[in-house]
Amino acid sequence: MARGFSKVIIMGNLTRDPELRSTPSGTQVCSFSVAVNRVYNGNESVSFLDCSAWGKVGETIAQYCKRGSGILVSGRLEQRSYETKEGEKRSRVEIVVDDFNFVGGGNADVSADS
């Protein structure tokens, strides 16, 4: 059986304030998006990456981050499939955060590990 490996490390800025919510079982999950800029041959491109952080990691990000905050996250890619209200099948890939560090600003000394 073939085995795979998924590890992602990105650094960028939050595009919106983190959204903290609870699952029916009471587990906290924080959703946020990170803009990652890339410069090549004098051109610049931006990727917008959706992230989710569970438990204490998510609670800490929600407490200390806001739109524009710099953050470095590492985690794994996870793909989810779903169906829209109109019946269209869709899928999305997001980063499930394992650990993070704040980048810049007054929050540079705060971090959390899963």
Problem set entry | Single residue of region 55-65 satisfying the filter (in contact (Cβ under 8 Å) with a residue 40 or more places away in the chain and open to solvent by 40 Å² or more (accessible area, probe 1.4 Å)) that is nearest to V93 (Cα to Cα) | K56
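Looking at region 46-53, is at least one residue of a type in the set (D, E) and under 18 Å from R92 (Cα atoms)? Working first, answer last.
Taking region 46-53 first, the residues of a type in the set (D, E) are 50.
Then keep just the ones that are under 18 Å from R92 (Cα atoms); that gives 50.
Within region 46-53 (the criterion being of a type in the set (D, E) and under 18 Å from R92 (Cα atoms)), the answer is yes, since at least one residue qualifies.
Select from region 76-94 the residues that are outside any loop (DSSP other than H, G, I, E, B) and of a type in the set (S, T, Y) and write down the one among them that is nearest to A35 (Cα to Cα). Let's see the steps before the verdict.
Here is the first cut: in region 76-94, the ones outside any loop (DSSP other than H, G, I, E, B) are 76-83, 89-94.
With the extra rule that they be of a type in the set (S, T, Y), the set shrinks to 81-82, 91.
Details: S81: 23, Y82: 24, S91: 20 Å.
That would be S91.
Regarding region 45-54, can at least one residue be identified that is among the hydroxyl-bearing types (S, T, Y), within 17 Å of V8 (Cα to Cα) and open to solvent by less than 80 Å² (accessible area, probe 1.4 Å)?
From region 45-54, those among the hydroxyl-bearing types (S, T, Y) are 45, 47, 52; that's our starting set.
Remaining after also requiring within 17 Å of V8 (Cα to Cα): 47, 52.
Now narrow it down to the ones that are open to solvent by less than 80 Å² (accessible area, probe 1.4 Å): 47, 52.
For region 45-54, residues among the hydroxyl-bearing types (S, T, Y), within 17 Å of V8 (Cα to Cα) and open to solvent by less than 80 Å² (accessible area, probe 1.4 Å): present.
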Exercise. Looking at region 66-75, is at least one residue surrounded by 17 or more Cβ atoms within 10 Å (Cβ to Cβ) and outside any strand (DSSP E or B)?
Worked result: yes
Seminar exercise, completed: Subset of region 25-75, residues modelled with pLDDT of 95 or more, of a type in the set (A, V, I, L, M) and over 14 Å from the mean Cα position of the chain (by Cα), comes to V46
Exercise. Considering only region 81-94, how many residues are loosely packed, with under 10 Cβ neighbours inside 10 Å and either among the aromatic types (F, W, Y) or within 16 Å of C51 (Cβ to Cβ) (or both)?
Worked result: 1
Exercise. Mind checking whether some residue in region 6-22 is free of Cβ contacts under 8 Å to residues at least 24 places away in the same chain and aliphatic (A, V, I, L, M)?
Worked result: no
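Return the only residue of V97, V29 being of a type in the set (V, I, T), open to solvent by less than 90 Å² (accessible area, probe 1.4 Å), assigned to a strand (DSSP E or B) and under 25 Å from G4 (Cα atoms).
Values: V29 fails: under 25 Å from G4 (Cα atoms).
Unique residue meeting the criteria: V97.
The values are calculated or read from the model by the stated rules, or taken from the named source; none is laboratory data. Please read these numbers as outputs of a predicted model, since none were measured by experiment. Don't worry about glycine lacking a Cβ; one is built from the backbone with ideal geometry, like all the others, and counts go over all protein chains shown. Surface areas here come from the heavy atoms of the whole protein model, side chains and all, with no ligands, DNA or RNA. Shrake-Rupley method; radii C 1.70, N 1.55, O 1.52, S 1.80 Å.
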